[in-house]
1. Helix 166-179: angle to the longest alpha-carbon principal axis of the chain, degrees 0 to 90, nearest 10?
2. For the chain, build the charge dipole from Cβ charges (+1 Lys, Arg; -1 Asp, Glu) around the Cα centre, then report which of Val145, Ala106, His261 sits farthest towards its positive end.
3. Which order do Leu180, Leu109 take by accessible area at a 1.4 Å probe, largest first?
4. Let me know the Rg and Dmax you get for the chain when you use only its Cα atoms, in Å.
5. Using packing as a proxy for protection, rank 143-151, 89-97 so that the peptide with the highest average count of other Cβ atoms within 10 Å comes first.
6. Which of the three applies to the range 43-190, rounded, prolate or oblate, going by the alpha-carbon gyration tensor with a ≥ b ≥ c and a/c under 1.5 meaning rounded?
7. What aspartates and glutamates could a cross-link reach from Lys301, if we take a straight Cα to Cα line under 12 Å and drop same-chain neighbours fewer than 8 places away?
8. What is the angle, in °, between the Cα long axis of helix 76-91 and the longest principal axis of the Cα atoms in the chain? Nearest 10 is fine, range 0 to 90.
Amino acid sequence: MKKKPATIKEIARRLKISPSTVSRALNDHPSIGLVTTMRVKKVAEELNYEPNQTAIFFKQRRTFTIGVILPSLSEPFFSSAISEIEKVAVEHEYTVLMGQSHDDAARELKILKTFRKHRVDGILMSLGKNTEDLSFIKMLADAEVPIVFFDCVPSIDGVNKVYSDLSTGMREAVQSFASLGHKNIALINGPRNLLASQERAAAYKKALKSENLEYSERYEVDTDLTEQGNIAAIDKLLTLSERPSAIVSFNDFVTLDVIKHVRQKGLVQKKDVFFISYANYPLWKYMENPPMGSIEQYPDKQARKAAEILFKHIGTTEGEQEPETVIFKSKLVLK
């Protein structure tokens with residue numbers, strides 16, 4: 001038969017002292033003498049005693065876990081982010097529970113409900129590209145579970161969010177293209193419902209204007225971020241009578257797909273067409289012919305700041321901490 005775990009009462013019986021004395025000794029309470037504390041811990045070790053975490057959590061009203069929901073852990077951007085989140089969690093002696101939404105809104109909601117059921121003390125989240133229903137924010141507020149969004153954040157007020165200002169990198173990208181003499185500069189953007197896509201579009205138009213370049217709707221195309229969608233987007237641009245000579249794309253994965261496609265079309269990158277994208281993934285250093293540049297969004301800084309904000313909110317009542325918005329400026333990195 002499986003042996004039941006030792007209890008505080010069993011240790012107390014063995015030493016002929018009260019359970020409360022055992023409890024205080026195990027927690028190094030100053031009211032218990034050193035000799036008694038050492039005896040209690042010695043017997044606890046002999047009996048393989050382990051604290052009842054459920055009882056501890058119930059007493060402290062914490063589980064010392066946080067939940068993290070990301071679109072995909074395979075992306076270097078989020079791999080960098082989760083590393084920083086775990087560092088902050090370790091500093092606070094917390095455990096991280098992970099969930100991948102894969103940009104599926106239903107899966108995302110299921111993970112959120114699971115986190116709530118398991119009573120995580122807080123949640124860090126980067127919204128999936130298909131998420132439109134934000135009613136879960138109230139669900140978590142009602143359950144007194146703080147949430148902090150980062151990178152892909154909702155376009156509403158009254159929530160904690162950390163993200164990158166995409167306009168600074170876009171302005172630098174368009175300026176770099178213009179300095180090389182490019183006049184037909186296009187944008188391959190992401191899904192229109194994403195706040196990040198809307199920000200890119202607005203920044204693109206503003207950057208063109210600052211360089212005295214005319215905006216044309218035909219040079220702005222969208223992709224659903226799938227390989228097929230990326231290829232369809234670049235094909236729209238390549239079939240124009242005046243095709244663009246320079247393109248800013250939504251992120252590096254989009255750029256990987258379109259670079260491959262233009263090569264298959266017989267075009268030469270950095271000669272027939274130039275690319276700058278967002279994210280600045282480390283993968284470019286392994287390529288012989290990377291794009292002209294990529295825009296750094298600082299996933300590590302975003303994630304660390306978001307985690308720090310979350311831990312400020314954990315254990316506080318609603319309204320005790322004002323919602324925070326932190327913005328990091330993006331920066332063009334030439335390759």
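The values are calculated or read from the model by the stated rules, or taken from the named source; none is laboratory data. Computed from a prediction, not measured in an experiment: that's the story for all the values here. Note that each Cβ is placed from the backbone with ideal geometry, even for glycine, and that neighbours are counted across all protein chains shown. Heads up: the accessible areas ignore ligands, DNA and RNA and are worked out on the full protein's heavy atoms, side chains in. Shrake-Rupley method; radii C 1.70, N 1.55, O 1.52, S 1.80 Å.
1. That helix lies at roughly 30 degrees to the long axis.
2. With unit charges placed on the Cβ atoms, the residue in question is Val145.
3. Working: Leu180 105, Leu109 65 Å².
Correct descending sequence by accessible area is Leu180, Leu109.
4. Over the chain's Cα set, Rg and Dmax evaluate to 26.5, 92 Å.
5. Ranking, from highest mean packing down: 143-151, 89-97.
6. Numbers: a/c = 3.08, a/b = 2.15, b/c = 1.43.
Judged from the Cα gyration tensor, the range 43-190 comes out prolate (a/c at least 1.5, a/b above b/c).
7. In chain and number order, the partners are Glu84, Asp151.
8. With both axes taken from Cα atoms, the answer is about 30 degrees.
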